[in-house]
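Read through the structure below, which is laid out as structure tokens, and then see the notes.
The values are calculated or read from the model by the stated rules, or taken from the named source; none is laboratory data. Since the structure is predicted, the reported quantities are computational estimates derived from the model, not experimental observations. Cβ atoms come from the backbone with ideal geometry, glycine included; neighbour counts cover every protein chain shown. The accessibility values were calculated without ligands, DNA or RNA, using every heavy atom of the protein model including side chains. Shrake-Rupley method; radii C 1.70, N 1.55, O 1.52, S 1.80 Å.
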Amino acid sequence: MTAAKIRLFVDHPLGVGQSVPLTGPQAHYLFGVMRQGAGSRLLVFNGREGEWLAEVTETGKRTGSLTCLEQSGPQLMPPDLWLLFAPVKKARTDFIVEKATELGVARIVPVHTDFTNSERVRQDRLQAHALEAAEQCGATFVPEVRGLISLPRLLADWDGDRRILWADESLAGAAAALANARPGAWAILIGPEGGFSEPEKARLRSLPHVVSVSLGPRILRADTAAAAAITLWQAALGDWR
Ligand code: SAH
């Protein structure tokens, strides 16, 4: 048997000898698309119990099951970092969710700001993107994607113990300052293509738990800014150190 390459997220307990039912789409993907059959091996994870080597034991057109053989990797939790971002166009929003999952965040929160002008946010679709990104990048954790919330509402209910790293485009060109920042619970805040409004900037500047940061001398698009800010934070305070 060749090394297992397929990785699937399964919402089911994992353990030696544990049988794991497949969903209809998973059975279709494994047997229809990937041409796997009884005896094929793959990797599974459920977001809590690490990664497991599993074997296909039952196949059907839209059904099937696996049996867990042995644990192949530990459960790795991301750092306590959230990404707060204003949704942009569909493809770029998908990119933001995918890259945030790969770079390592614990939660993803779409935020409606004054200059947000995107259509409805499909939370279930974005969650499916996060899941696929985790399957593809070897993560054992899938960040939770929350429903859309307005910025005033988010800030009003905010727990001040979690600091907000605010990517403030008006600081473009200043030195990126994370040198004095302490590790702990953080959230990164990225604005929409139109940036933040003056009232939003005033509100953010007034909050003691908000730390503003520059992402270099050029104005980045929102999707680039999200990836850059997570990278900056991960390198300074996260699990890349
Ligand atoms: N239209 C705005 C730019 C918005 S860019 C303008 O021209 O000023 C989208 C978001 O990316 C911003 O709200 C900010 O959160 C982030 N961003 C982009 N470039 C940045 C930079 N150089 N420094 C800090 N944040 C930046």
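Accessible surface for D11 stands near 130 Å², nearest 10, in the context of the full protein assembly shown (1.4 Å probe).
Grab the Cα-Cα distance for R221 and T63, subtract it from 0.36 nm times how many residues apart they are, and report the gain in nm with one decimal.
That works out to 52.6 nm of additional length.
If you count the DSSP beta bridges with both ends in the chain, what percent of them are antiparallel, to the nearest 5? Taking every DSSP beta bridge with both residues in the chain, the antiparallel ones total about 40 percent. How far is the Cα center of the stretch 123-150 from the Cα center of the stretch 71-85, in Å? So the separation of the two Cα centres works out to 11 Å.
A DSSP coil position with no more than 15 other Cβ atoms inside 10 Å describes the following trypsin sites (Lys or Arg not before Pro) in the stretch 1-110: K5, R35, R48, K61, R62, K89.
Each of A54, V20, A86 was placed along the dipole of the chain (beta-carbon charges, centred on the mean Cα), and the one lying farthest toward the positive end is A86. Seen through its C-alpha gyration tensor, with square-root eigenvalues sorted a ≥ b ≥ c, the stretch 135-194 comes out rounded because a/c lies under 1.5. Rolling a 1.4 Å probe over the protein chains gives I190 an accessible area of about 10 Å².
With the alpha-carbon atoms of the stretch 7-73 aligned to their principal axes, the span from lowest to highest coordinate is 28, 20, 16 Å, starting with the largest. Over the chain, DSSP H runs of length four or greater, each weighted -39,500 (n - 2.57), average out per residue to a 222 nm ellipticity of -8000 deg cm²/dmol. Quotient of the Cα radius of gyration of the chain and 2.2 N^0.38 Å, N being its number of residues: 1.14. Remark on the stretch 188-241: hydrodynamic radius 12.4 angstrom, per the Kirkwood mean of 1/r across alpha carbon pairs. Its Cα gyration tensor gives the stretch 38-86 an equivalent ellipsoid. The semi-axes, each the square root of 5 times an eigenvalue, are 30, 16, 6 Å from largest down. The charge dipole of the stretch 7-73, taken about its Cα centre with unit charges on the Cβ of Lys, Arg, Asp and Glu (plus for the first two, minus for the last two), comes to roughly 280 debye. Element breakdown for the stretch 64-183 at a 1.4 angstrom probe: carbon and sulfur atoms account for 51% of the accessible area. Across the stretch 104-241, counting alpha-carbon atoms alone, Rg and Dmax equal 14.9, 41 Å.
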